[in-house]
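The structure under discussion appears below in the form of structure tokens.
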Amino acid sequence: MEFIKQIERLQLLNKLVREKRTGSPEELAERLAVSRAKLYLILEELRDRNVFIKFNKRINSFEYEACRGINLEFSFRILRQDEENVINGGKIINFFPASIILDGANLS
């Protein structure tokens with residue numbers, strides 16, 4: 001369940017950055033259980049989504065530049081038998097309608 005780890009990692013990153021208590025890049029990477037290079041990849045991915053985080057040497061912490069934080073929510077629960085019939089997660093679009101040629105109707 002790597003995606004759950006990633007969400008938890010982002011939640012912790014958000015909390016530490018909001019509170020301005022991340023420590024150095026090496027310390028933050030260690031707290032997030034990633035390498036320093038992976039930390040900067042995460043920060044770059046957030047930057048691509050217009051979340052700007054910079055390191056402030058004066059306070060020895062990362063901080064948000066143009067916002068106060070991000071809202072990241074995640075929930076996980078087991079569905080009851082009666083709930084699985086009412087879930088609508090999207091619509092199936094048939095990109096390949098039945099062909100009258102392939103089903104043999106137009107072949108002579």
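Is it true that some residue in the range 27-35 is loosely packed, with under 13 Cβ neighbours inside 10 Å and either within 15 Å of Arg9 (Cα to Cα) or under 20 Å from the mean Cα position of the chain (by Cα) (or both)?
Taking the range 27-35 first, the residues loosely packed, with under 13 Cβ neighbours inside 10 Å are 33, 35.
Subsequent filtering for residues that are either within 15 Å of Arg9 (Cα to Cα) or under 20 Å from the mean Cα position of the chain (by Cα) (or both) retains 33, 35.
Yes, that holds for at least one residue.
Can you tell me which residue among Ile7, Ile59 is β-branched (Val, Ile, Thr) and surrounded by 14 or more Cβ atoms within 10 Å (Cβ to Cβ)? Let's see the steps before the verdict.
Values: Ile59 fails: surrounded by 14 or more Cβ atoms within 10 Å (Cβ to Cβ).
From the options Ile7, Ile59, the qualifying one is Ile7.
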Among the candidates Tyr40, Tyr64, residue that is open to solvent by 60 Å² or more (accessible area, probe 1.4 Å) and on the phi < 0 side of the Ramachandran plot: Tyr40
Cross-chain or 6+ apart pairs with Cβ under 8 Å, the range 12-34 first and under 9 Å from Ser61 (Cα atoms), then open to solvent by 10 Å² or more (accessible area, probe 1.4 Å) and of a type in the set (A, V, I, L, M, F, W, C): Val17/Ile53; Lys20/Ile59; Pro25/Phe55
Failed item, numbered, when Val17 is tested on (1) touching a Gly at 6+ places or on another chain (Cβ under 9 Å); (2) more than 15 Å from Leu72 (Cβ to Cβ): (2)
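The values are calculated or read from the model by the stated rules, or taken from the named source; none is laboratory data. Bear in mind that the values here come from a model prediction, so they are computed numbers and not experimental data. Glycine gets a Cβ as well: all are built from the backbone with ideal geometry, and neighbour counts include every protein chain shown. Just the protein is used for accessible areas: all its heavy atoms, side chains included, with ligands, DNA and RNA removed. Shrake-Rupley method; radii C 1.70, N 1.55, O 1.52, S 1.80 Å.
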